[in-house]
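Notes follow the structure.
Nothing in this text is a laboratory measurement; each read-out follows from the coordinates by a stated rule. Quick caveat: nothing in here was measured; it's all calculated off a predicted structure. Methodologically, a virtual Cβ is constructed for each residue, glycine included, from the backbone with ideal geometry; neighbour enumeration extends over all protein chains shown.
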Amino acid sequence: MAEVIKPNLKNGHIDMPIPEGLDLKAEIAKMKKEKNAVILAHYYTTDEVQEIADYTGDSLGLAQQAAKTQADIILFAGVHFMAETAKVLCPNKKVLIPDLATSCSLADSINEKSLAEFKKQYPDHTVISYVNTTAEVKALTDIVVTSSNAQKIVSQLPADEKVIFGPDKNLGNYIKKVTGRENFVVWQGGCHVHDHFDPEKLRELKTQHPNAVVLAHPECPETILEQADVIGATSLLLKKSYELDAQEFIVATEPGIFYEMKKRSPQKTFIPVPNVNGRPLNVCINMKRNTIQKIYLTLKYEFPEVDIPKELGEKAQICINRMMEMSK
Ligand code: 13P
Ligand code: SF4
């Protein structure tokens, strides 16, 4: 078979003109079939991307899908650390990412050097890292968690086990509180979306919508969480939005989730919480870098690909496998 020539990347993605009038959704569907490829998309990507995905989910759900897929190619529409996790779990599969520049402010708040230094200060501590970390940080980690399973996993550790939890300070403080653990050192990283919801605006929204249920992600600060009726990972917030009888929900997480919430409960109203800078929609710009045009080009050229050196991947896999085992 003739080798596909890899195009150049500009700002992390293929920058090529696409013929006008091309039905991108149909072309993507055709290529998925021909190449035995699957598209995994996080709930925070755009409506259009979620529409063409084979699976949408939160970080745990997508990692579980990646681990069990029979596809030869995984195209990951999320952020870089998520595609990396898929590659660690499936080292023999081709993992494609529409844009290499889909970073995450939380994952960027810690690196292997800073974690190694921190570990020296707390030598006898078990390192628990949120999945929002690079493969290098995971290689220095004992157990990975996501927001879906952090409480369950931390609760399984002996009460006197000393823990370093990173990098999200809000999730760390929340898990420390709900598990009542001592000797729980929290790294001070944060997500530029969840850490910036406006607590005063939330108070006003609650007054304006007294019957609304407030759903909040545990990456939000205490000033938001203390006002919430439900705290949980994106998949739990989604579940509550269609399971509860309430007709109005005030939602403190990335608004990409509204696509699935509205799809499942078209008659209900979902109200976003503005951010502290007055922005009515507090979006993750990294997630929104996944566009249908980039997905088309990435699938066509099977590029850019996420690659992880074998030894690093093997080290990172140990703590991810522990998470998969402990969250069963
Ligand atoms: P979830 O675990 O809810 O997917 O949250 C992780 C996250 O912040 C994705 O951006
Ligand atoms: Fe990272 Fe926050 Fe975006 Fe999630 S929402 S990918 S934690 S920056």
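What GluC sites (Glu not before Pro) in the stretch 215-258 are in a loop by DSSP, with at most 15 other Cβ atoms within 10 Å of the Cβ?
Values: sites: E219, E222, E226, E243, E248; in loops: E219, E226.
Hits after loop and neighbour filter: E226.
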> Based on the alpha-carbon gyration tensor of the stretch 139-244 and its eigenvalue square roots a ≥ b ≥ c, which shape applies: rounded if a/c is under 1.5, prolate if not and a/b is larger than b/c, or oblate?
Replying inline: prolate
> Using a simple charge model, +1 on the beta-carbon of Lys and Arg, -1 on the beta-carbon of Asp and Glu, nothing else, what dipole does the chain show about its Cα centre, in debye to the nearest 20?
Replying inline: 360
> Among the lysines, which have Cα under 27 Å from the Cα of K33 when same-chain residues fewer than 8 positions away are ignored?
Replying inline: K6, K25, K68, K87, K93, K94, K263, K288, K294, K300
> If we sort 137-144, 281-288 on the protection proxy, mean other Cβ atoms within 10 Å, highest first, what's the order?
Replying inline: 137-144, 281-288
>> Counting other beta carbons within 10 Å of each residue's own, what order do Y122, Y296 fall into, fewest first?
In response: Y122, Y296
> What is the log10 of I(q)/I(0) for the stretch 242-328, computed with the Debye formula using one identical point scatterer on each Cα and no solvent, at q = 0.13, 0.20 Å⁻¹?
Replying inline: -0.82, -0.98
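Could you give the Stokes-Einstein D for the stretch 8-152 in µm² per second, using the C-alpha Kirkwood radius, 10 °C, 1.306 mPa s? Display every interim value, and only then the final one.
Values: Rh = 16.7 Å.
Estimated diffusion coefficient is 95 µm²/s.
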>> With 10 angstrom as the radius, rank D168, D160, D47 by how many other C-beta atoms surround their C-beta, starting from the fewest.
In response: D160, D47, D168
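Among R181, R289, which comes first, second and so on when ranked by fewest other beta-carbon atoms within 10 Å? Walk me through the numbers before you get to the answer.
On the way: R181 18, R289 22.
The fewest-first ordering by Cβ neighbours comes to R181, R289.
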> Shape call for the stretch 207-251 from the C-alpha gyration tensor, a ≥ b ≥ c root eigenvalues: rounded (a/c under 1.5), prolate (a/b greater than b/c) or oblate?
Replying inline: oblate
> For the chain, what proportion of DSSP beta bridges, expressed in % and rounded to the nearest 5, is antiparallel?
Replying inline: 10
> If one computes the Cα centroid of the stretch 177-193 and of the stretch 234-268, what distance in Å separates the two points?
Replying inline: 26
> What is the pair-distance distribution P(r) of the chain, computed from all Cα-Cα distances in 20 Å bins starting at 0, with each bin given as a whole percent?
Replying inline: 31, 57, 11, 0
